[in-house]
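> Let me give you the structure first, and then I'll get to my questions.
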Amino acid sequence: MKKITTSLACIMLTICTFAQAPGEKCATMTQFNQRVLNNPEVQTRMDQTEALTKQWLENHPNALKKKGNNKSAASVYIPVVVHVLWNDPIENVSDAQIQSQIDILNEDFRLLNADSLDPSHPFWIYTVDSKIEFCLASVDPNGNPTDGITRTYTDVVSFTANDEEKFTASGGHDNWDPTQYLNIWVCNLDASGGTLGYAAFPSDLSANPEFDGVVIRYEAFGDIGTAGTGGFTANDLGRTATHEVGHWLNLRHIWGDEECGDDFVNDTEIAEGENYNCPSFPHRPGNLCGSGPDGEMYMNYMDYVDDYCMNMFTYDQALRMFAALNTERVGLLTSAGCDLASIVNSTMNEGNFEISPNPSNGVFTINSAQNSTITPVVYNLIGAEVKRFNGINQFPYTLDLSDLPNGIYYIKNNRSGKSTTKKIIISK
Ligand SMILES: [Zn+2]
């Protein structure tokens with residue numbers, strides 16, 4: 001009986017697949033596998049990253065609070081540069097459409113999305129505020145102000161999801177330093193197929209930085225303007241970018257890209273395969289892979305359902321993204337891309353301060369204007385005070401935090417109602 005049901009489901013799934021625009025929704029794994037074929041070391045690097053991820057997760061079991069956490073500040077702000085590549089003027093998406101995508105990323109990663117699961121839903125307990133936020137970069141790689149958008153007219157009528165978007169020489173745009181920015185290209189992608197986007201995994205960042213970033217087709221970007229046009233009505237809420245940025249932070253598809261495959265995450269139910277459209281809950285309860293009675297977590301951003309049907313990352317997915325941000329993508333934690341103010345204030349007004357080196361082994365040098373007195377307070381990732389220093393007025397000052405464990409901290413100085421906060425990393 002179970003088998004007959006499953007066969008029927010497979011037939012239904014096939015029909016559903018072809019009801020979509022032809023082609024593959026997300027080309028991330030296809031692209032990755034092709035790269036492995038060309039160079040087996042790509043797989044070796046992926047395996048090494050997996051080992052590093054596992055180790056980091058074992059060492060940081062409480063990096064993120066579970067349910068009950070209030071809406072505190074983000075732990076990480078990721079600067080984004082959007083490279084618009086256009087041939088037909090309609091592909092030259094507006095600033096407002098780009099901002100709509102940034103807003104959606106922030107809502108989805110911070111669990112502020114209006115369609116998040118109700119607490120009565122059995123999977124609500126797995127939903128998470130990942131504490132990751134995004135901003136359009138305000139400082140470019142040369143330290144100059146920017147709106148975080150590049151616009152390039154290209155002779156390329158349609159890109160083919162094969163990295164040519166990432167190079168000025170092939171009609172695209174070279175990426176900005178990918179250790180400091182999330183690069184997103186928006187373009188006419190795979191015009192004759194249904195590919196919505198693809199992403200580079202963190203494992204190849206150091207070996208092939210020029211390939212790093214996320215590519216999204218212009219009809220599946222943001223939720224206004226061209227979003228949902230060209231037959232992509234199911235992809236009109238900006239969730240393609242949420243999904244692809246998930247890959248970029250080392251998440252896999254929840255079905256592990258094979259029947260009952262592994263996504264290296266513990267709290268997503270094991271799935272027979274990808275899901276399309278919008279199944280009803282519970283979907284495939286007690287599936288072939290041995291899922292629980294609640295079935296598959298089709299509403300996860302890392303599945304293939306329609307935009308309006310997906311609404312969550314899980315706690316363990318968020319931890320995995322944190323692992324990426326503390327290993328391969330650690331440069332983002334100290335990127336100045338979101339923070340024009342810190343550059344402008346580098347003349348160091350009273351109360352402002354600078355700290356170096358960063359990351360360090362725990363011994364930092366703090367600098368401020370000579371007429372300043374600062375009272376730095378050190379907070380950990382979840383906002384708990386871990387150290388406090390009283391009135392420092394001689395600079396440079398050696399700030400010894402070497403007794404604190406490795407990790408990310410914030411140093412805050414309050415001065416006349418204004419505060420300056422710096423993010424530091426201790427890595428011994
Ligand atoms: Zn994908």
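> Given a Förster radius of 30 Å and the C-beta distance between Thr373 and Asn62 as r, what FRET efficiency does 1/(1 + (r/R0)^6) yield to the nearest 0.05? Let's see the in-between values first.
Working: r = 35 Å, r/R0 = 1.16.
For R0 = 30 Å, the calculated efficiency reads 0.30.
> Once you put a point 7 Å from the Cα of Asp267 and another 7 Å from the Cα of Asp95, both along the Cβ direction, what distance in nm separates them?
In this crude label model, Asp267 to Asp95 measures out at 3.9 nm.
> Given a 1.4 Å probe and every protein chain left where it sits, what share in percent of the accessible area of the chain is carbon and sulfur?
Working: 9580 of 18180 Å².
Looking at the chain in its full context, I get 53 percent from C and S.
> Let me ask something else. Would you work out which of Leu399, Val80, Asn38 lies farthest towards the positive end of the dipole of the chain? Charges go on Cβ: Lys and Arg +1, Asp and Glu -1.
Looking along the dipole axis, the top candidate is Leu399.
> Hey, what did the chain get for relative contact order, percent, Cα under 8 Å, at least 6 apart?
Relative contact order of the chain: 15 percent.
> Any idea how far apart Arg388 and Leu404 come out in nm if each label point goes 7 Å out from Cα toward Cβ?
Distance between the two pseudo-spin positions: 1.5 nm.
> Could you list the residues of segment 209-249 with an amide nitrogen less than 20 Å from a label point located 7 Å from the Cα of Glu41 in the Cα-to-C-beta direction?
Zone members listed by number: 209-213.
> From largest to smallest, what semi-axes in whole angstrom does the chain give when each is the square root of 5 times an eigenvalue of its alpha carbon gyration tensor?
In descending order, the three semi-axes are 39, 26, 19 Å.
> Using per-residue counts of other Cβ atoms within 10 Å, averaged over each peptide, order 358-366, 305-313 from highest down.
Highest to lowest by the protection proxy: 305-313, 358-366.
> How many angstrom lie between the C-alpha centres of segment 267-307 and segment 88-111?
Distance between centres, Cα-based: 27 Å.
> Kindly state, to the nearest 0.05, the FRET efficiency for Gln48 paired with Arg151, given R0 = 51 Å and r defined as their beta-carbon distance.
So, using R0 = 51 Å, E works out to roughly 0.85.
> What full-extension length gain, to one decimal in nm, is calculated for Ser206 and Asp88 as 0.36 nm per residue of separation minus the Cα-Cα distance?
Values: separation 118, 0.36 × 118 = 42.48 nm, distance 3.44 nm.
So the chain would gain 39.0 nm between Ser206 and Asp88.
> So who's got an amide H within less than 5 Å of the one on His283, skipping anything under 5 residues away but keeping other chains? H placed 1.01 Å off N, in plane.
Glu296
> Nearest 5 percent is fine: what portion of the DSSP beta bridges confined to the chain is antiparallel?
Numbers: 30 of 54 bridges.
Here the share of antiparallel DSSP bridges comes out near 55 percent.
> To continue, here is another question. Using the crude model of +1 on Lys and Arg Cβ and -1 on Asp and Glu Cβ, and no other charge, please compute the dipole size for segment 2-330 relative to its Cα centre, in debye to 20.
My answer is approximately 760 debye.
> Can I ask one more? At a 10 angstrom cut-off on C-beta neighbours, averaged per residue, how do the peptides 395-402, 92-99 rank from highest to lowest? Display every interim value, and only then the final one.
Values: 395-402: 14.4, 92-99: 17.5.
So the peptides 395-402, 92-99, ranked by packing, come out 92-99, 395-402.
> Once both labels are modelled 7 Å past Cα along the beta-carbon direction, what's the Asp103-Thr179 spacing in nm?
3.5
> Next question. Nearest 10 degrees, 0 to 90: what angle lies between the long axis of helix 239-248 and the longest principal axis of the chain (Cα atoms)?
Helix 239-248 and the main axis of the chain meet at about 60 degrees.
> Something else about it: Accessible area per residue, 1.4 Å probe, Å², for the chain: what's the number?
On the way: 18180 Å² over 428 residues.
With all protein chains present, the chain gives 42 Å² per residue.
The values are calculated or read from the model by the stated rules, or taken from the named source; none is laboratory data. Since this is a predicted model, take the numbers as computed values, not measurements. Please note: Cβ atoms are built from the backbone with ideal geometry, for glycine as well, and neighbour counts cover all protein chains shown. Accessible surface areas use protein heavy atoms only, side chains included; no ligands, DNA or RNA. Shrake-Rupley method; radii C 1.70, N 1.55, O 1.52, S 1.80 Å.
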